[in-house]
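Reading through the structure tokens given below for one structure.
Please treat every number below as a calculation from the coordinates, not as lab data. What you are looking at is a predicted structure, and each value in this text was computed from that prediction instead of being measured. Every residue, glycine among them, receives a Cβ derived from its backbone with ideal geometry; neighbour counts consider all protein chains shown.
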Amino acid sequence: MKANKPFHGFVSLSSRGLIALPKSVRDRYHLDEPGAQVEITERTDGVLELRPAAAIPATQAWFWDPEWQHGEREVDAHLEAGEIEVSEGVDNFLAELPETDTQGE
């Protein structure tokens with residue numbers, strides 16, 4: 001399979017400032033899909049950076065909440081530090097839980 005050559009060239013802007021990306025670029029980054037977005041960053045050196053951005057389905061938006069992402073990073077840190085125990089199945093997990101005193105509730 002032939003690798004797609006990165007695009008380099010010029011595109012025109014409409015009078016409303018719309019840019020039409022070449023089909024090869026749209027195809028490569030799935031920008032023809034419904035909800036596709038492009039992030040734009042204006043750098044201080046005058047460069048405009050465009051990055052394809054995946055649309056997040058509403059049913060998965062909770063995962064990208066900053067607080068949830070903070071928790072994900074904490075878990076990753078525990079994993080890297082070797083502070084996680086893995087159980088083989090639910091029954092083993094439940095058997096390995098420490099017993100708690102529920103009499104004082």
Quiz item: Scaled to the compact-protein estimate 2.2 N^0.38 Å, what is the alpha-carbon radius of gyration of the chain, rounded to two decimal places?
Solution: 1.86
Practice problem: Using R₀ = 22 Å, calculate the FRET efficiency as 1/(1 + (r/R₀)^6) where r is the Cβ-Cβ separation of Ile19 and Thr41; round to 0.05. | Solution: 0.90
Quiz item: Sorting Lys23, Lys5 on the 10 Å Cβ count, fewest up front, what's the list?
Solution: Lys5, Lys23
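Net charge near Val38: determine it from the other residues with C-beta under 11 Å of the C-beta of Val38, scoring Lys and Arg +1 and Asp and Glu -1.
Working: positive: Arg26, Arg51; negative: Glu39, Glu49.
The answer is 0.
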Exercise. Name the long-range amide H neighbours of Val38: under 5 Å, sequence gap of 5 or more, or other chain; modelled H, no Pro or chain starts.
Key: Ala53
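Could you work out the helix-only [θ] at 222 nm for the chain, with each DSSP H run of four or more residues adding -39,500 (n - 2.57) and the total divided by the number of residues, to the nearest 500 deg cm²/dmol?
Value at 222 nm, helices only, nearest 500: -8000 deg cm²/dmol.
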Self-check item: Pairwise FRET efficiency - Thr59 versus Leu97, Cβ, R0 = 25 Å, nearest 0.05
Solution: 0.20
Exercise. List, in order, the whole-Hz ³J(HN,Hα) value for each residue of segment 29-35 obtained from phi through the Karplus relation with A = 6.51, B = -1.76, C = 1.60 and θ = phi - 60°; use x for Gly and Pro.
Key: 9, 6, 7, 8, 7, x, x
Exercise. Using +1 at the Cβ of each Lys and Arg and -1 at the Cβ of each Asp and Glu in segment 7-55, identify which of Ser14, Leu50, Val25 lies farthest towards the dipole's positive end.
Key: Ser14
